[in-house]
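Derivation of every value follows stated rules applied to the coordinates shown; laboratory data play no part. Computed from a predicted structure; not experimentally measured. Glycine gets a Cβ as well: all are built from the backbone with ideal geometry, and neighbour counts include every protein chain shown.
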């Protein structure tokens, strides 16, 4: 079932948890295989509020951050460490959720060919990454799905090109912990990161190795 725009009209903490288990699909035109869907199941997210200092929007409105102040579900993409990162705006000006990592997903819409193309888009030292680590980080996820800042920033999901799908999966448990990469003094203590307990080894880093809480979902 395709997720509708109204799904994003939630507080960031609620949206961050609700996004886990949803499948993000991007259709590309591959030279060798034509139009194919590249898909990843979201396993890790981070919530951000304008009122806390870890958020880009806490630094104020700019044209680059405009998407965070637009209607819920607006795509906010930016460059992190030279790679592309994907966020969705949430309820409230300046609020949003970062899609931190995913797991390559295969079904009747995304076959082993799709997985192979994702691996070709995101190699490591000239070799193919394992499916379990292909999308283990915000920039790796975008690279594997072929998502680019110029194409999608301030845009929205499109049924025939980029969509979010509910495939009936709901995690039994979530790990809640501090976000990653937040500088000291910018509310780095806030437990706004969520990871599917079943896939902690495929997350950006395993959250169970540090202070965390397990939520029965």
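Tell me which residues, restricted to the stretch 135-156, are surrounded by fewer than 21 Cβ atoms within 10 Å (Cβ to Cβ) and within 18 Å of residue 36 (Cα to Cα).
Passing the criteria: 143, 146, 148, 151.
Results for (1) crowded, with 20+ Cβ neighbours inside 10 Å; (2) closer than 17 Å to residue 8 by Cα, shown as yes or no for each residue.
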site	(1), (2)
81	no, no
85	yes, no
96	yes, yes
99	yes, yes
104	yes, no
110	yes, no
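For a quick check of your reading: which strands (runs of 3 or more DSSP E) sit entirely within the stretch 63-180 and have at least 2 residues that are touching a strand residue (DSSP E or B) at 6+ places or on another chain (Cβ under 7 Å) and closer than 19 Å to residue 203 by Cβ?
The strands (runs of 3 or more DSSP E) meeting that bar are 83-89, 96-104, 173-177.
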